[in-house]
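Report on the structure given below.
The values are calculated or read from the model by the stated rules, or taken from the named source; none is laboratory data. From a predicted model like this one, the values you see are computed outputs, not experimental measurements. Cβ: placed from backbone, ideal geometry, glycine included. Neighbour counts: every protein chain shown. The protein model used for the area step is the full one, side chains on, heavy atoms only, and it has no ligands, DNA or RNA in it. Shrake-Rupley method; radii C 1.70, N 1.55, O 1.52, S 1.80 Å.
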Amino acid sequence: MIRLIALFVLLAMPAKAEEIVLGLSRDQVSITATFEGSEILIFGAIKREGPVQAEGDLGVIVTVAGPDRPVTVRKKDRRLGIWVNTESVDVDVAPTFYAVATNRPLEEILTFTEDLNTRISTQRAIRSVGATVDSAQSFTDALIRIREGQGLYQTLPTGVSVEEETLFRTLIPLPANLTEGDYKAEIYLTRGREIVDFYVTDIPVQKVGLERWLYNLAHDNPFLYGLMSLSIAIAAGWGASAAFSLLRR
């Protein structure tokens, strides 16, 4: 909610001397049985009424976020030779996928206050309610490390290329283990580490073909889905038995 309020404030800002004009290489991502990952090219330009006159270094930030989901992060310790869960923290908001690409390191083009308001950095995009600051920080760091290892969280400090302070582009890798849903691409333009313009668009990520049909069947008619699964298992078992019988002859 805090981030939405901040974005509405940005959108309500008066017209600026520099504005973002955005393009995408694709407007949706399809997940099939053979899906092994993909990538999205995000490109655009900075529209101006005349020559560059703005003060401060130019910064371009591109984020792509998957659907938010709550998650419980647990800590394991070895007790009496057995690994057991000793502590846990409930993370209320954690994007299933999150990538931050910038033309320079984020802290060089965005102030701490701006990051606090808009929650652009990965640390800020994850929120825990009810946990102590120190505890939430350590468990958030652990969640980030795990998802970075899975390719679900990415920080690309020089992932955005900018030409002549006008054209920009970045390539966001998408891993195979994507969660289905609407992904949000956000682009921020900064000057002197302050946000001067903002653009947002959605990228649907959906299962298609047989995967979509099976997914809908399992959720809309679980009895029929279970009956079909049982029938397939019986048929597979019978087929394997018949094959072994033939081999023994």
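Sort out which residues of segment 45-71 are farther than 20 Å from Leu110 by Cα, part of a strand (DSSP E or B) and at pLDDT 85 or above, and write them in order of number.
Of everything in segment 45-71, those that are farther than 20 Å from Leu110 by Cα, part of a strand (DSSP E or B) and at pLDDT 85 or above turn out to be Lys47, Asp68, Arg69, Pro70, Val71.
Since Met13 meets every condition but one in (1) touching a Gly at 6+ places or on another chain (Cβ under 9 Å); (2) modelled with pLDDT under 65; (3) surrounded by 11 or more Cβ atoms within 10 Å (Cβ to Cβ); (4) not acidic (Asp, Glu), which condition does it not meet?
With (1) touching a Gly at 6+ places or on another chain (Cβ under 9 Å); (2) modelled with pLDDT under 65; (3) surrounded by 11 or more Cβ atoms within 10 Å (Cβ to Cβ); (4) not acidic (Asp, Glu) applied to Met13, the lone miss is (1).
Provide a single number: the residues in segment 64-116 that are of a type in the set (A, V, I, L, M) and open to solvent by 90 Å² or more (accessible area, probe 1.4 Å).
Of the residues in that region, 2 qualify.
Residue by residue through segment 99-126, note down the ones that are assigned to a strand (DSSP E or B) and either in contact with a Lys or Arg (Cβ under 8 Å, 6 or more places away or on another chain) or aliphatic (A, V, I, L, M) (or both).
Once the filter is applied, which keeps residues that are assigned to a strand (DSSP E or B) and either in contact with a Lys or Arg (Cβ under 8 Å, 6 or more places away or on another chain) or aliphatic (A, V, I, L, M) (or both), segment 99-126 yields Ala99, Val100, Ala101.
Cβ-Cβ distance below 7 Å, separation of 6 or more or different chains: which pairs start in segment 116-138 with a residue that is over 14 Å from Val71 (Cβ atoms) and of a type outside the set (Val, Ile, Thr) and end on one that is modelled with pLDDT of 70 or more and exposed (fewer than 15 other Cβ atoms within 10 Å of the Cβ)?
As it stands, the answer is Arg124/Leu116, since those pairs meet every condition given.
Does segment 76-89 contain at least one residue that is more than 23 Å from the chain's Cα centre (by Cα), more than 24 Å from Val205 (Cα to Cα) and modelled with pLDDT of 80 or more?
Within segment 76-89, not a single residue is more than 23 Å from the chain's Cα centre (by Cα), more than 24 Å from Val205 (Cα to Cα) and modelled with pLDDT of 80 or more.
Of the residues that sit in segment 117-134 and are of a type in the set (S, T, N, Q) and surrounded by fewer than 14 Cβ atoms within 10 Å (Cβ to Cβ), which one is modelled with the highest pLDDT?
Gln123
Under 6 Å between Cβ atoms, which residue pairs at least 6 apart in sequence (or on different chains) link something in segment 40-64 that is under 18 Å from Ile120 (Cβ atoms) and of a type outside the set (Val, Ile, Thr) with a partner that is at pLDDT 85 or above and not in a strand (DSSP E or B)?
Gly56/Gly192; Leu58/Glu165; Gly59/Ile109
Would you pick out the residues in segment 139-165 that are open to solvent by less than 60 Å² (accessible area, probe 1.4 Å) and assigned to a strand (DSSP E or B)?
Tyr153, Gln154, Leu156, Val160, Ser161, Val162
So which pairs qualify, if the first residue must be in segment 151-178 and closer than 21 Å to Gly23 by Cα, the second must be in a loop (DSSP other than H, G, I, E, B) and of a type in the set (A, V, I, L, M), the Cβ gap must be under 6 Å, and the two must be at least 6 apart or on different chains?
Glu165/Val52
Pairs please, first residue from segment 16-32 and within 17 Å of Tyr183 (Cα to Cα) and at pLDDT 70 or above, second anywhere and among the aliphatic types (A, V, I, L, M) and not in a strand (DSSP E or B), Cβ atoms under 6 Å, 6+ apart in sequence or on different chains.
Final answer for the pair search is Ser30/Val208.
Rundown of residues vs (1) among the polar types (S, T, N, Q); (2) touching a Phe, Trp or Tyr at 6+ places or on another chain (Cβ under 6 Å); (3) modelled with pLDDT under 70; (4) not in a strand (DSSP E or B), yes/no style:
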{"position": "Ile195", "(1), (2), (3), (4)": "no, yes, no, no"}
{"position": "Val200", "(1), (2), (3), (4)": "no, no, no, no"}
{"position": "Leu230", "(1), (2), (3), (4)": "no, no, no, yes"}
{"position": "Ser241", "(1), (2), (3), (4)": "yes, no, no, yes"}
{"position": "Leu247", "(1), (2), (3), (4)": "no, no, yes, yes"}
